[in-house]
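The block underneath contains the structure these notes are about, expressed in structure tokens.
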Amino acid sequence: MLTYTIRRLILTVPTLLFISFVIFLIVKLSPSDPTANLPLTIPPEVREKIRESLGVNQPLTVQYLLWLKQFFWLEPRIVLEGWFGWDLGTEGEIRLISYQTRSPVMDLIWQRMPQTLWVVGTAYLVGILIAIPIGIYSAYKQYSVFDQAGTFISMVGFSVPPFFSGVLVIVIFSVLIPTDSFWWLPSIYDTTHEVVDWESFKFQFRQMIMPVMVLALQITAQISRFARASMLDNLNQDYVRTARAKGVRERGVVMKHVLRNSMIPVVTVIALGIPGIFGGAIITEQVFKVNGLGQLLIIAIQGGDVPMVQTLTFIFAILIVLFNLVADVLYGLLDPRIRYD
Amino acid sequence: MTLKSMLMSAVATVALTPMAFADAHEGERGRDGQLNIIYWQAPSTLNPYLSGGTKEVESASLVLESLGRFSDTGELMPWLAADIPTVENGGLAADLTSITWTLKEGVMWSDGTPLTAADAVFTWKYCTDPDGGCAQSSYFDGVENIEALDDLTIKISFNAPKPFPYTALVGSESPILQAAQFADCMGANAPTCTDANFGPIGTGPFVVTEFKANDVIQFAANENFREEGKPAFATVNFKGGGDAASAARSVLETGEYDYAWNLQIDPTVLADMESKGLGTVVTAFGTSVERLHINQSNPDPALGDERATLKHPHPFLTDPEIGKAMSMAIDRALLVEVGYGAGGQVTCNVLPAPAVYASTANDGCKVQDIAGANAVLDAAGYMDTNGDGIREKDGMPLSVTYQTSTNAVRQDTQALVKQWWSEIGIDTELRNIDASVFFGGDPASPDTFQKFFADVEMYTNNFAGVDPEAYMANWRCSEIPSPDTQWQGSNMQRFCDPAYDALVDKLAQTAGIDARAEIVKEMNDMLMASYSIIPLIHRGGVSAHANTLGGVLISDWDSELWNIKDWYSTK
Amino acid sequence: MTDMTPELEKPARSQWWDVWAQFRTHKGALVGAFVFFLILFGVLIGPFLWPYDATTIDIRSRNQGPSWGHPMGTDQLGRDTLARVMIGGRVSLAVGLTAMFIALILGTLIGVLAGFFKWLDGVLMRLTDLFLALPLLPLLLVIIMLFRETLSARFGPEGGIFILMVFAIGITSWMQTARIVRGDVLSLKEREFMLAARSIGTPNGRMMSRHILPNVLSPIMVSATLGIATAIITESALSFLGLGFPPDFPTWGRLLRDGTDFLQQYPERAIWPGLMISLTVLSVNYMGDGLRDALDPRIRGR
């Protein structure tokens, strides 16, 4: 297992380099322009000058190599300097600059991280915590009232897109309920809010309720379906009958034998979803104005901000590759018969 | 001619000076607590020279100021300048080649240092540095030199007589930067000055306390602001993100915010929200016109590289009779009612404002006339010969592709226009393109509005300030986009008429408001008669403010927030 | 029905007969199938029977509530909502089902191959990583820029965009299925019955079709049901961003998106298309449940 993990980690480097090149090509080839969103009163010559100053017109290879150097050599050193107070000679070097804000890409990403992790991360956690028990119990009591209701609610929840459910909860909790009521919830997320005491925590909690609710609905629906299906598969297996015949208590049969063997698809879905937390939730963030990483990405795409799109999607790619590796390692732990070597 | 009279004649409504409002609500600075503003497109920087977007310019206008600003009525008001230079008061040279501004005395930057003429000179150098990529450099077009005659006097010299000299350092798009703060940020160094770009030191009523790009800005009242007791608000929370409907909801329905910008949503929905009684919808009209451009060149893909160039005139749209029929078939009043509400007015001119320039020769288009349009086409000999409901010209069906950017209101307009054109035997295929592609200048993309690989396209254009000279020059022959110019140029519909070009040159040499207005009207009518542009709607900015917020006078000639120093709370 | 293979014909027929018999006993599956085919017939035949056209604007009767003339009301341009829901359903169902099948076939194929053959695992899984990492929006912009004109010229503007959408959604949504199937196959491969099958010399092809596929069916079924919903919703998000169908071309996702703006004034405008999406997803889900049970020999035997 260890050698497998190490080998996979080493393989990760060329994979990621290749992915970064493909992403770069796609982002550069797509027809967008950093000056597209400027008012039409700005004349074409000036637009050309702006593009020139951003380096949009340089050869592709030059831009790609510059990006590689900035991302892999300069930015990590700046992070280290920030953490340990060292001096690694980064003074005066041009950092990875976003076209739209003319400020370092990495600073913006660090700035957006907290609200995305708070909202999307919490939703993910809540979603998993609700989904797995529902999945287990639905499968155990297949076709019971609980199972039928669970299926119905989760499928409806999954088929309602967040641009609808988000607006629906805002209309209910922010518009129809009067502002001074206890049940009223803010429709706009305050990203400058800091949690310092109980009162400010309560505020943070209140403003997170709606976005977390909307996101968790989707996540719960998805994971509980996979958990239920996988449990059902295993509940009919011979080893379950054997365990019961042996006199293992019902609880032990389900929680120990069946659950562990049913986790492989669930682990895959959960692991694949974790990079998604960092990717943010584009629509939900927009509906509630959370302005996290998802909003950063969509604005960058709309604004033709190549360095920002490239960096964000690449960080996303790193996380995907890493969490897929984690999932593979977990398979081995969950099912010792799986051997990679 | 006096400048005042020229600008005042441009004013259509009664001017209410902001002072009249503020007098009734005096008090100490910062007495009204926090002001919450939501812009659903978030500002990405506070340096308007690095990003020309409206959201950046308007948010920066809380901090950075210029010599003069345009009021809600389009009147030029002295702001950092003591007064507006004119030929009469000697500020403007008689030959129109230089202008001399005098700063107000005792204006301080928010860090406590005095504002001097050297800052203005620096700003000019900053924006015209060839490596800087300054988005507002067109404001300094024709400026030969800017010099500081003394600490308070700025002299701007032009390389040719400038009939309208109030561009450089006037209006929220070209404010004065502090030389001390931006000294190391010239040219290629501009992007390295993140702190300065995100927190410029200004002379305005507010100072930046926190800036999160594309998210939120926090401002606090400027303790060194030159006017006693202003601003009324101690802090401003300037939030970005979301969409227009939710921004409107947060002001009009939940009352979480006090001011929301650019609310182009369905008029019935907006009216419904307003009826809740928490806030008021306000509009300001400038020069924006939603229009159709009728391609005079042939966009047929079979033409390859010569597609949509003047080498191949359009097979039928070059005939003004067809354009005339297309224009007559459109019910503009209904388009306003369905898509724009208070934010739109019917117009038959590509230049509807200022009032002095607005022609009345084309007003016939205000009423829909389907029967008339059919008669025009019948008379011109375009008949439906094969009975499929579509007219033909020499066997070629009159079918057009009609493209615009993606936007709910534009798609409704497209659907309506398609229906009306089908009633006069013109077949329409609709297409919508993501705005960042459509308005982007990527020469590799076939979908940009400059390439115009379609028969009809629709968007809004306008001009900044109150002088239309540069705007009307958009339709010169030399402005036609083509492969030779990398598809750059602003004459989208490929209109080319030597007589029109002659008028452009004449306008550039003519001074005097009435003489200029005559020429401009003639040019407008020439464009209208060619039916290469079909104006649809004179669009205004639509915003909403809470009923507890006073002093709001939104302007479409300058930043909407131009007089935020006079805003107050009535709570 | 040839005389050459009489002994093979009978058991094959009776096996599918068994599956059908088992499927029939599953009440949820029957109701699901009934609703699904009802929707399918409604959107296919409905527009021919209904007097209103989905794109005809009748501005005098706009923003109407439900009535006998317009059972679902009219929109802000006076177009009949029922006609739009029916026409929109054609596109949404076609996009949803086709994209789901592409994703399912690609995902299952890659998942089974990667799990079964160790030498393919590395390559195929890195390919999966690549697709997972690709940014969907810029990718679509590129695809549309490169292929729209050629496809439009060949299949007409709507046909061309339809092919693009199905292709784009299909090739960007198979990865999850592939990862899940692979994970299951990895664990199945080490089971005793696989060892037994291998020891009697079963060829790889038959191992996969007879032993692996039936055992990974349930995650595939779940992927399929979720896949339809995802495809319909992705299509709506793309239409909204201007990358989808022409604007005067209704789809369920687009109707729902447009209706959301009028949620307080005319809630039914969002509820109808939303209801259709939910009903479709639910019915496919129950059908999938029934099919899974019917295909499981352990249950069928009982």
Worksheet item: Amide H to amide H, which residues 5 or more places from B:ILE433 or on other chains are under 5 Å from it, using H placed in the peptide plane?
Response: B:THR404, B:SER405, B:THR406
Response to the item:
Assertion target for B:LYS565, B:LYS418, A:LYS69, ordered by fewest C-beta neighbours within 10 angstrom first, is A:LYS69, B:LYS418, B:LYS565
Worksheet item: When only C-alpha pairs under 8 Å and at least 6 residues apart count, what is the relative contact order of chain A, in percent?
Response: 28
Discussion item. Can you give me the long-range amide H partners of B:VAL236? Hydrogens built in the peptide plane at 1.01 Å from N, cutoff under 5 Å, separation of 5 or more residues or another chain.
Written reply: B:LEU35, B:PHE219, B:ALA220
Practice prompt. State whether the range A:218-296 is rounded, prolate or oblate according to the following rule on the C-alpha gyration tensor (a ≥ b ≥ c being the square roots of its eigenvalues): a/c under 1.5 gives rounded; otherwise a/b larger than b/c gives prolate, and the remaining case gives oblate.
Written response: prolate
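Determine the equivalent ellipsoid of chain A by diagonalising the alpha-carbon gyration tensor, then write out the semi-axes as square roots of 5 times the eigenvalues, largest first, rounded to whole Å.
The three semi-axes for chain A are 42, 29, 18 Å.
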Practice prompt. Enter the mean number of other protein chain beta carbons within 10 Å of the beta carbon of each residue in C:266-273, as an integer.
Written response: 1
Worksheet item: Is the shape of the range B:425-571 best called rounded, prolate or oblate, per the rule: a/c under 1.5 gives rounded, else a/b larger than b/c gives prolate, else oblate, with a ≥ b ≥ c the square roots of the Cα gyration tensor eigenvalues?
Response: oblate
Practice prompt. Express in nm, to one decimal, how much length is gained between B:MET526 and B:MET383 on full extension, taking 0.36 nm for each residue of separation and deducting their alpha carbon distance.
Written response: 48.7 nm
Worksheet item: Considering only B:GLY133, B:ALA168, B:GLN178, whose Cα is most displaced toward the positive end of the charge dipole of the range B:124-179, charges sitting on Cβ of Lys, Arg (+1) and Asp, Glu (-1)?
Response: B:ALA168
Discussion item. With 10 angstrom as the radius, rank B:VAL504, B:VAL552 by how many other C-beta atoms surround their C-beta, starting from the fewest.
Written reply: B:VAL504, B:VAL552
Worksheet item: Say the dipole of chain A comes from +1 at the beta carbon of Lys and Arg and -1 at that of Asp and Glu; which of A:VAL46, A:ILE264, A:LEU129 then lies farthest toward its positive end?
Response: A:ILE264
Worksheet item: Taking Cα atoms, how many degrees apart are the long axis of helix A:122-140 and the longest axis of chain A, rounded to 10 and kept between 0 and 90?
Response: 30
Worksheet item: Hey, what did chain B get for relative contact order, percent, Cα under 8 Å, at least 6 apart?
Response: 20
Discussion item. Suppose a student asked you for the relative contact order of chain C, using Cα pairs under 8 Å spaced at least 6 residues apart; what percent would you report?
Written reply: 27
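Using a/c under 1.5 as the rounded threshold, could you call the range B:363-404 rounded, prolate or oblate? The axes a ≥ b ≥ c are square roots of the C-alpha gyration tensor eigenvalues, and prolate needs a/b larger than b/c, oblate otherwise. Walk me through the intermediate numbers first.
Values: a/c = 2.48, a/b = 1.37, b/c = 1.80.
Taking the square roots of the gyration eigenvalues as a ≥ b ≥ c, the range B:363-404 is oblate.
What's the magnitude of the charge dipole for the range B:61-166 around its Cα centre, counting Lys and Arg as +1 and Asp and Glu as -1 at the beta-carbon? Answer in Debye, nearest 20. Show your work: numbers first, answer last.
Values: 5 positive and 16 negative charges, 24 e Å.
For this selection, approximately 120 debye.
Using r as the Cβ-Cβ distance of B:LEU310 and B:SER275, and R0 as 51 Å, what FRET efficiency do you calculate, to the nearest 0.05?
Details: r = 52 Å, r/R0 = 1.02.
The calculated FRET efficiency here is 0.45.
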Item to complete: Over all directions, average the projected area of the Cα convex hull of the protein assembly as shown and note it in nm².
Response: 52.3
Worksheet item: Can you pull the mean other chain C-beta count within 10 Å for peptide A:221-234?
Response: 4
Item to complete: Round to a whole angstrom and tell me the spacing of the C-alpha centers of the range B:390-453 and the range A:1-70.
Response: 32
Discussion item. Give me the dipole magnitude in Debye, nearest 20, for the protein assembly as shown about the Cα centre, with unit charges on the beta carbon: positive for Lys and Arg, negative for Asp and Glu.
Written reply: 6720
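Which length gain, in nm to one decimal place, applies between B:ASP195 and B:ASP497 when the Cα-Cα distance is subtracted from 0.36 nm times their residue separation? Working shown, then result.
Numbers: separation 302, 0.36 × 302 = 108.72 nm, distance 4.98 nm.
Here the segment from B:ASP195 to B:ASP497 would lengthen by 103.7 nm.
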Fill in: Listed residues C:ALA229, A:ALA227, B:PRO315: farthest to the positive end of the dipole of the protein assembly as shown (Cβ charges)
A:ALA227
Response to the item:
B:VAL87 and A:LYS69 label points (each 7 Å along its Cα→Cβ direction) are spaced in nm at 5.7
Discussion item. If the only charges are +1 at each Lys and Arg Cβ and -1 at each Asp and Glu Cβ, what is the size of the charge dipole of the range B:260-383 around the Cα centre, to the nearest 20 debye?
Written reply: 260
Discussion item. At 7 Å along Cα-to-Cβ for each site, give me the label-to-label distance between A:SER200 and B:ARG31 in nm.
Written reply: 3.1
Fill in: Residues A:ASP197, B:ASP215 arranged by fewest to most Cβ contacts within 10 Å
A:ASP197, B:ASP215
Worksheet entry | Kirkwood Rh (inverse of mean 1/r, distinct Cα pairs), chain B, angstrom | 25.2
Discussion item. Can you list residues from other chains, or at least 5 along the same chain, whose modelled amide H is less than 5 Å from the amide H of A:SER98?
Written reply: A:SER103, A:VAL105
Worksheet entry | Rounded FRET efficiency, nearest 0.05, which uses the C-beta distance separating C:PHE101 from C:THR25 and R0 of 30 Å | 0.65
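Using a Förster radius of 35 Å, what is the FRET efficiency between C:GLN265 and A:THR192 based on their Cβ-Cβ separation? Nearest 0.05, please. Display every interim value, and only then the final one.
Working: r = 33 Å, r/R0 = 0.95.
Efficiency for this residue pair is about 0.55.
Roughly how compact is chain C, stated as its Cα Rg over 2.2 N^0.38 Å to two decimals? The partial results should precede the final answer.
Working: Rg = 22.7 Å, N = 302, 2.2 N^0.38 = 19.3 Å.
Its radius of gyration relative to the 2.2 N^0.38 Å reference: 1.18.
Where in chain A lies the longest segment free of GluC sites (Glu not before Pro) that are both loop residues by DSSP (not H, G, I, E, B) and have at most 10 other Cβ atoms within 10 Å? Each step should come with its number before you reach the end.
Values: sites that count: A:GLU91, A:GLU194.
Formally, the longest exposed-site-free interval is A:195-341.
Please work out how much length the chain gains when fully extended from A:TYR239 to A:LEU129, using 0.36 nm per residue of separation minus the C-alpha to C-alpha distance, in nm with one decimal. Please report the intermediate quantities before stating the final value.
Details: separation 110, 0.36 × 110 = 39.60 nm, distance 2.73 nm.
Extending this stretch completely gives an extra 36.9 nm.
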Fill in: Karplus-derived HN-Hα couplings along the range A:243-250 (A = 6.51, B = -1.76, C = 1.60, θ = phi - 60°), whole Hz, x at Gly and Pro
4, 5, 4, 5, x, 5, 5, 3
Item to complete: Calculate one ³J(HN,Hα) per residue across the range A:79-86 by plugging θ = phi - 60° into the Karplus curve 6.51 cos²θ - 1.76 cosθ + 1.60, and present them in order as whole Hz with x for glycine and proline.
Response: 4, 4, 4, x, 7, 10, x, 6
Worksheet item: With labels modelled as points extended 7 Å from the Cα through the Cβ direction, what inter-label distance (nm, one decimal) is found for C:GLU158 paired with B:ASP131?
Response: 5.7
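Any read-out appearing in this document is the output of simple, stated calculations on the displayed coordinates, not a laboratory observation. Only a predicted model underlies this, so the values are computations on that prediction, with no experimental measurement involved. Heads up, the Cβs are rebuilt from the backbone with ideal geometry, glycines too, and the neighbour counts pull from every protein chain shown.
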